[in-house]
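The values are calculated or read from the model by the stated rules, or taken from the named source; none is laboratory data. This is a predicted model, so every value here is computed, not measured. Because the Cβ atoms are built from the backbone with ideal geometry, glycine has one as well, and the counts that use them run over all protein chains shown.
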Amino acid sequence: MKNIKINTDSYLIPITLGNISFVDGVDQIKQDITLALRTFKGEWFIDTEKGLDYFGKIFRKGTADRFLREEVRRAIIARDGVKNVERIDITRSGSRSATINCDVRLDSGDTIEVVA
């Protein structure tokens, strides 16, 4: 299945010489995971339950790292084409910022690294 390529930093659709780019396969799954991890619960007006509850749960003072990893794991496993999450590292930067770095095994047998 193909999907429109989205710049995962700006959420803009890159257009080159009037053409829209598409992604498929491993690149599509990686894009899907990255966008899922960067979506805040309540952010998307069509489905306010979609996304991670960063402000309600994740960035709350005293939240255990194991809880954060489980929330991230759930979000990744829900993506099509994902078999397993092999590693999750979460680095917090202050009280309202974090970097998520993980290794994900795909149904195809490939392993990809995702940073969000």
_For the structure I just gave you, tell me whether ILE112 is of a type in the set (Val, Ile, Thr), touching a Leu at 6+ places or on another chain (Cβ under 8 Å) and closer than 22 Å to ASN3 by Cβ._
yes
*Please name all residue pairs, on different chains or six or more residues apart, with Cβ atoms under 9 Å, provided the first residue is in the stretch 21-46 and is over 19 Å from ILE112 (Cβ atoms) and the second residue is acidic (Asp, Glu).*
PHE40/ASP53; LYS41/GLU49; LYS41/ASP53; GLY42/GLU49; GLY42/ASP53
*Consider GLU43 carefully, then state whether it is outside any helix (DSSP H, G or I), surrounded by 13 or more Cβ atoms within 10 Å (Cβ to Cβ) and among the charged types (D, E, K, R).*
yes
*Return only the number of the condition from (1) at negative phi; (2) touching a residue at least 24 places away in the same chain (Cβ under 8 Å) that ARG92 does not satisfy.*
(2)
*Counting only residues that are out of contact with any helix residue (DSSP H, G or I) (no Cβ under 9 Å at 6 or more places or on another chain) and in contact (Cβ under 8 Å) with a residue 40 or more places away in the chain, how many does the stretch 95-116 have?*
0
*Restricting the search to the stretch 78-93, which residues are within 19 Å of ASP110 (Cβ to Cβ) and surrounded by 13 or more Cβ atoms within 10 Å (Cβ to Cβ)?*
ARG79, GLY81, VAL82, LYS83, ASN84, VAL85, ILE88
*Only residues that are over 15 Å from THR8 (Cβ atoms) and not hydrophobic (A, V, I, L, M, F, W, C): list them for the stretch 21-55, please.*
ASP24, GLY25, LYS41, GLY42, ASP47, THR48, GLU49, LYS50, ASP53, TYR54
*Could you say whether any residue in the stretch 56-64 is modelled with pLDDT under 95, surrounded by 13 or more Cβ atoms within 10 Å (Cβ to Cβ) and not in a loop (DSSP other than H, G, I, E, B)?*
yes
